[in-house]
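Take a look at the structure set out below.
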Amino acid sequence: MGSFGDTQPKLVYGDCGYVLDDVPHLTDYLLDLPTYPNPLQNNPSYAVTKQYFVHDDDTVVQKAVQHKDGERGIHFRRQGPRQKVYFEPDEVKACIVTCGGLCPGLNTVVREIVCGLDYMYGVKNILGIEGGYKGFYARNTINLTPKSVNHIHKRGGTVLGTSRGGHITSKIVDSIQDRGINQVYIIGGDGTQKGASLIYEEVRRRGLKVVVAGIPKTIDNDIPIIDKSFGFDTAVEEAQRAINSAHVEAESAENGIGLVKLMGRHSGFIAMYASLANRDVDCCLIPESPFYLEGPGGLFEFIERRLKDNGHMVLVIAEGVADTMDAIDPSGNKILKDAGLWMAERIKDHFAEPNKMNINLKYIDPTYMIRAIPANASDNIYCTLLAQSAVHGVMAGFTGFTVGPVNGRHCYIPFRHITEKQNKVVITDRMWARLLSSTNQPSFMKVRIPTAEDEEGKKRAVEENCKDDKRATEAMANGFLVGDLAG
Ligand SMILES: Nc1ncnc2c1ncn2[C@@H]1O[C@H](COP(=O)(O)OP(=O)(O)OP(=O)(O)O)[C@@H](O)[C@H]1O
Ligand SMILES: O=P(O)(O)OC[C@H]1O[C@](O)(CO)[C@@H](O)[C@@H]1O
Ligand SMILES: [Mg+2]
């Protein structure tokens, strides 16, 4: 095996096209650091495990589907405790910060980092940074102990508080240095992970023995590479209550329309999964899939047909479908106009026209309700694994990484994989086809039987879709679908 690259990327090549896309380590820029035996081997709870430590050569494949003669491809370092650690318990001063929007499970991750550090590694000195990134330089810290965080996983939100904007790298690293912090745990979405990556770069530039680990958080499930983000399942489950209410309202009225808006400004995962789980949804609209309202094959025609056939219908939309901007938030994210209100108005205006049917539209907006709740059981366990995985990696001296499951196995992922693109619903994938088949809604495109050339176009569309949904849409229109949108 040969390896190169001191900073990023840190690639290690093996046989048959094997590539380990490794994460940085303190020893990449600090030589002769002392190591210590991992205290976990004296922990009675772990005495039952077959092996205390993961093997250093254990890696996790990025793409689970492999071909017989294909290359083995990109791998990530497997998470878990290592034989040697780079910190003595008394030497550690850890801090935890939560940034960006709320997400079920934030408190669980905070709790499990604190408990993991204390119970597994004997670390007592753990600080909470209040109010997101700006808290590093604008707020006091709070001491976190297993006792103080004992019950927080039962509450929604984050006990540390959160914010958008305020990422000033130099001031944050000054604060880390001034406070003598040497482990930084950063919980947040794509923007937060970009900020974490800058903090890592600055720490490294200053040559500090400080490790920086990211724990990915986003209700929208828009973080790439990892299987899914924590809190997503909880949000999808909570969304069922809104969809069920919309269905009850719609069913009980003459020509009832239940309209539900769910979160997802760039990615329609919540809307798609909530609709797929529910089965009472007649139509689901997401930002990745183009649609139109008027004319043959359009949404209004579809609504009319469903009302005539069934007497009611349920429409679920993601907040990003209208894609009209009000302003930007302090982090630079677009603040979108309310897509639900926009859609409700358009539908009402359409049916108010002469000779159209009388409708009864009820709009339900559970936006913040689905993210302000505590994590469900499976998300709580998922959060525990993420937190412990981060703690093991940090104690082993890895830095500049995000934790997360890839094909079901938790691993350490270099920041750039998480920050360079957003995860989106790929509308040429089977999951979207499953949704279309469950709702029987129009695809808003005319489809013809695919040819070999079309398959090529389809492949291109999938690749493009990962970068930019609009370009994917164009690629699809030029590829395996007839170019014209119906109507
Ligand atoms: N490109 C960037 N570079 C440095 N810091 C950033 C960058 N983008 C965002 N941040 C910082 O990260 C924090 C959170 O960002 P943001 O508000 O975009 O939420 P997020 O982490 O993407 O989570 P979510 O979108 O799920 O709510 C903010 O403090 C913001 O200033
Ligand atoms: O109103 P806030 O707190 O900025 O959050 C809204 C945004 O946060 C998210 O939940 C996560 O990015 C988006 O779906 C939503 O647009
Ligand atoms: Mg974000």
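For segment 85-101, the criterion of a residue being open to solvent by 40 Å² or more (accessible area, probe 1.4 Å), in the same structural domain as G131 (by TED's automatic domain parsing), closer than 30 Å to G166 by Cα and within 16 Å of ligand 3 (Cβ to nearest atom) is satisfied by no position.
Residues are listed down the side, and each one gets a yes or a no for (1) closer than 28 Å to Q240 by Cβ; (2) assigned by TED's automatic domain parsing to the domain that holds V260; (3) charged (D, E, K, R); (4) part of a loop (DSSP other than H, G, I, E, B):
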residue: P296; (1), (2), (3), (4): no, yes, no, yes
residue: G332; (1), (2), (3), (4): no, yes, no, yes
residue: L341; (1), (2), (3), (4): yes, yes, no, no
residue: E353; (1), (2), (3), (4): no, yes, yes, yes
residue: I381; (1), (2), (3), (4): yes, no, no, no
residue: T384; (1), (2), (3), (4): yes, no, no, no
residue: A390; (1), (2), (3), (4): no, no, no, no
residue: G393; (1), (2), (3), (4): no, no, no, no
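Among the residues of segment 327-337, those that are within 11 Å of ligand 2 (Cβ to nearest atom) and not small (G, A, S) comprise I328, D329, P330, N333, K334, I335, L336. Going by the conditions given, is G258 more than 16 Å from ligand 2 (Cβ to nearest atom), in a loop (DSSP other than H, G, I, E, B) and modelled with pLDDT of 95 or more? For G258, the condition - more than 16 Å from ligand 2 (Cβ to nearest atom), in a loop (DSSP other than H, G, I, E, B) and modelled with pLDDT of 95 or more - is not met. For I223, indicate whether it is part of a strand (DSSP E or B) and in contact (Cβ under 8 Å) with a residue 12 or more places away in the chain. No.
Please tell me if F302 is touching a strand residue (DSSP E or B) at 6+ places or on another chain (Cβ under 7 Å), touching a residue at least 24 places away in the same chain (Cβ under 8 Å) and open to solvent by 20 Å² or more (accessible area, probe 1.4 Å). Here the answer is no, as F302 does not meet what is asked. Against the list (1) buried (at least 19 other Cβ atoms within 10 Å of the Cβ); (2) more than 25 Å from P374 (Cβ to Cβ); (3) away from ligand 1 (no atom under 16 Å from the Cβ), the condition R179 fails is (1). Screening G256 on (1) assigned by TED's automatic domain parsing to the domain that holds P287; (2) out of contact with any Asp or Glu (no Cβ under 8 Å at 6 or more places or on another chain) shows it passes everything except condition (2). All but one of (1) in contact with a Phe, Trp or Tyr (Cβ under 7 Å, 6 or more places away or on another chain); (2) more than 16 Å from ligand 2 (Cβ to nearest atom); (3) open to solvent by less than 40 Å² (accessible area, probe 1.4 Å); (4) within 18 Å of Q388 (Cβ to Cβ) hold for V110, so report the exception by its number. Condition not satisfied by V110: (1). A count restricted to segment 370-408 and to residues that are within 24 Å of C95 (Cβ to Cβ), of a type in the set (A, V, I, L, M) and open to solvent by less than 40 Å² (accessible area, probe 1.4 Å) stands at 9.
The number of residues in segment 124-144 that are more than 16 Å from ligand 2 (Cβ to nearest atom) and open to solvent by 60 Å² or more (accessible area, probe 1.4 Å) comes to 7.
The values are calculated or read from the model by the stated rules, or taken from the named source; none is laboratory data. Keep in mind that what you see is a predicted model, and the values were worked out from it rather than measured. Every residue, glycine as well, gets a Cβ built from its backbone with ideal geometry; the counts of neighbours run over all protein chains shown. Surface areas here come from the heavy atoms of the whole protein model, side chains and all, with no ligands, DNA or RNA. Shrake-Rupley method; radii C 1.70, N 1.55, O 1.52, S 1.80 Å.
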